[in-house]
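A.B. asks: Please see the structure below; I have some questions.
The values are calculated or read from the model by the stated rules, or taken from the named source; none is laboratory data. Remember, it's a predicted structure, so these values are computed and weren't measured experimentally. Please note that ligands, DNA and RNA were not included when accessible areas were found on the heavy atoms of the full protein model with its side chains. Shrake-Rupley method; radii C 1.70, N 1.55, O 1.52, S 1.80 Å.
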Amino acid sequence: MDMEPRYFKVATYLPQDKTEELIGALREITVNQIGNYSDCISYYPVQSTWTCLDGSTPYIGKPGEISRETEDKVEFLCHEDDLRRAISAIRRFHPYEQPVIDIIPMYIAEDFD
């Protein structure tokens, strides 16, 4: 297969009380449209752990301590033309100083028509 992917699955993890705010921001910039459907976003709870290192300014947790939280994983399919706007929205609305943002190249069925 010689074609380049035109879509990406984008995912991030954030506190559950911030999920609706992020989803609202993504809906406003319309980065989550698949064919004739918009607002195509999935989210579900996940258990996360991390240790904040010295010099960090965590939203949750304290430096030197292991944090364990239930977060939401928010994911959506994004066209390559909208990827920069999607990442920008996540960074703008995410409360963590270092948000994890997964960007995974995807092929969709339309690529094979």
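A.B. asks: Straight-line reach only, C-alpha to C-alpha below 21 angstrom: list the lysines that Lys73 could link to, leaving out same-chain residues fewer than 8 apart.
C.D. replies: Cross-link targets: Lys9, Lys18.
A.B. asks: Suppose the chain between Gln16 and Ile34 were pulled fully straight at 0.36 nm per residue; how much longer would it get relative to their current alpha carbon spacing?
C.D. replies: 4.0 nm
A.B. asks: Most mobile of Ala11, Ala86, Ala25 per a Gaussian network model of the chain (Cα springs, under 10 Å)?
C.D. replies: Largest GNM mean-square fluctuation: Ala25.
A.B. asks: Taking only Cα atoms and a 10 Å spring cutoff, compute GNM fluctuations for the chain and point out the largest among Gly64, Gly24, Gly55.
C.D. replies: Highest fluctuation among the options: Gly55.
A.B. asks: Using a Gaussian network model of the chain whose springs link C-alpha atoms within less than 10 Å, name the residue from Ile23, Ile60, Ile90 with the highest mean-square fluctuation.
C.D. replies: Ranking Ile23, Ile60, Ile90 by mean-square fluctuation puts Ile60 first.
A.B. asks: Which of rounded, prolate, oblate describes the stretch 1-47, given a ≥ b ≥ c as roots of the alpha-carbon gyration tensor eigenvalues and a/c under 1.5 marking rounded, otherwise prolate only if a/b is larger than b/c?
C.D. replies: Oblate, since a/c reaches 1.5 and b/c is not below a/b.
A.B. asks: Between [x] 91; [y] 78; [z] 120, which matches volume of the Cα convex hull per residue in Å³ calculated for the structure shown?
C.D. replies: [z]
A.B. asks: Sticking with this structure for a sec: With a 1.4 Å probe and all protein chains in place, put Leu26, Leu53, Leu83 in order of accessible area, largest first.
C.D. replies: Putting Leu26, Leu53, Leu83 in descending order of accessible area: Leu53, Leu83, Leu26.
A.B. asks: Give me the accessible area per residue for the chain, probe 1.4 Å, as a whole number in Å².
C.D. replies: 64
A.B. asks: Over the stretch 35-80, with every protein chain in place, what whole percent of the accessible area is carbon and sulfur at 1.4 Å, could you tell me?
C.D. replies: 47
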